[in-house]
Amino acid sequence: DAGITQSPRHKVTETGTPVTLRCHQTENHRYMYWYRQDPGHGLRLIHYSYGVKDTDKGEVSDGYSVSRSKTEDFLLTLESATSSQTSVYFCAIRGLADGELFFGEGSRLTVL
Amino acid sequence: AQKITQTQPGMFVQEKEAVTLDCTYDTSDPSYGLFWYKQPSSGEMIFLIYQGSYDQQNATEGRYSLNFQKARKSANLVISASQLGDSAMYFCAMREMQAGTALIFGKGTTLSVSS
């Protein structure tokens, strides 16, 4: 158990509304990531963080912002949700051994 | 160009048989790592095995082994003695040391194990 909790696990929202997904870790790891998973695309990196207040963009960052004010929490915000952001969102932390990622259970977001 | 290619959308195997899931990668970074993950129907992502680009021997973890052919840029996952519980989506991923710490994933292969 890698000690990663995502909330909410399921959310249905309407186009144009703001949405925030939370990732909480108990492992005190420096690196945290947000990926989205869509059929036919595998997992694609949205944003990642390499420390408190240190974040960077990934492959599919448009329409998303992140914040990390504490080591344990990494927030993903959709300022104005669109139907194309309907997806399963995974948070991950980086392991210390070989750099493998340990994932949270995922958050399923549906934008109507 | 895709960095990680998994050409088999679906694979079918019978219990107790071995199965190979293909993965090819593309990088010019001499230092990189290759990973395999399993995603059962319940949705969680489970780390299976890791291979470093400088590792001389193929990685093994229980029934999982990684057939690493560096010159061919392939990193196939071999599952020996398949079990019904192996039915899942499998993802190959790569981390390029020069590019940072994030993993790049392939699109996945769905494995179905029948009795």
Report summary line: All-but-one check, B:ASN58 against (1) modelled with pLDDT of 95 or more; (2) open to solvent by less than 70 Å² (accessible area, probe 1.4 Å), failing number (2)
Report task. Could you please find all residues in the stretch B:93-107 being outside any loop (DSSP other than H, G, I, E, B) and closer than 16 Å to A:ALA92 by Cα? Result -> B:ALA93, B:MET94, B:ARG95, B:ILE104, B:PHE105
Query raised in the report: Do we find a residue being touching a Cys at 6+ places or on another chain (Cβ under 6 Å), touching a residue at least 12 places away in the same chain (Cβ under 8 Å) and assigned to a loop (DSSP other than H, G, I, E, B) anywhere in the stretch A:93-110?
Result: yes
Report summary line: Of the candidates A:LEU45, A:LEU21, the one satisfying the condition of being open to solvent by less than 50 Å² (accessible area, probe 1.4 Å), at pLDDT 95 or above, more than 10 Å from every other protein chain (Cβ to nearest Cβ) and assigned to a strand (DSSP E or B) is A:LEU21
**Report entry** Failed item in (1) of a type in the set (Gly, Ala, Ser); (2) within 22 Å of A:ASP98 (Cβ to Cβ); (3) open to solvent by less than 30 Å² (accessible area, probe 1.4 Å), with B:GLY43 passing the rest
**Finding:** (2)
Query raised in the report: Mind checking which pairs have a first residue in the stretch B:89-110 that is among the basic types (Lys, Arg) and a second that is open to solvent by 10 Å² or more (accessible area, probe 1.4 Å) and part of a strand (DSSP E or B), Cβ under 9 Å, 6 or more apart or different chains?
Result: B:ARG95/B:TYR32; B:ARG95/B:ILE104; B:LYS107/B:THR5
Query raised in the report: What pairs come up if the first residue lies in the stretch B:68-85 and is farther than 13 Å from B:SER53 by Cβ, the second is small (Gly, Ala, Ser), and their beta carbons are under 6 Å apart, counting only those six or more places apart or on different chains?
Result: B:VAL78/B:SER65; B:SER80/B:ALA18
Report summary line: Going through the stretch B:77-89 in order, the residues found to be within 21 Å of A:GLY99 (Cα to Cα) and either open to solvent by 20 Å² or more (accessible area, probe 1.4 Å) or charged (D, E, K, R) (or both) are none
**Report entry** Pick from the stretch A:24-39, criterion open to solvent by less than 40 Å² (accessible area, probe 1.4 Å) and assigned to a strand (DSSP E or B), ranking: farthest from the other protein chains (Cβ to nearest Cβ)
**Finding:** A:GLN25
Query raised in the report: Looking at A:GLY63, is it under 24 Å from B:MET89 (Cα atoms) and surrounded by fewer than 18 Cβ atoms within 10 Å (Cβ to Cβ)?
Result: no
Query raised in the report: Going through the stretch A:66-112 one residue at a time, which ones are more than 9 Å from every other protein chain (Cβ to nearest Cβ) and open to solvent by 60 Å² or more (accessible area, probe 1.4 Å)?
Result: A:SER69, A:LYS70, A:GLU72, A:GLU79, A:SER80, A:SER83, A:SER84, A:LEU96, A:LEU112
Report task. Considering only residues that are in contact (Cβ under 8 Å) with a residue 60 or more places away in the chain and under 18 Å from A:LEU43 (Cα atoms), look in the stretch B:5-20 and name the one that is surrounded by the most Cβ atoms within 10 Å (Cβ to Cβ). Result -> B:GLN6
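The values are calculated or read from the model by the stated rules, or taken from the named source; none is laboratory data. Not measured: the values here are computed from a predicted model. For neighbour counting, all protein chains shown are included, and Cβ atoms are generated from backbone atoms with ideal geometry for every residue, glycine included. Keep in mind that these areas ignore ligands, DNA and RNA; they rest on the heavy atoms of the full protein, side chains included. Shrake-Rupley method; radii C 1.70, N 1.55, O 1.52, S 1.80 Å.
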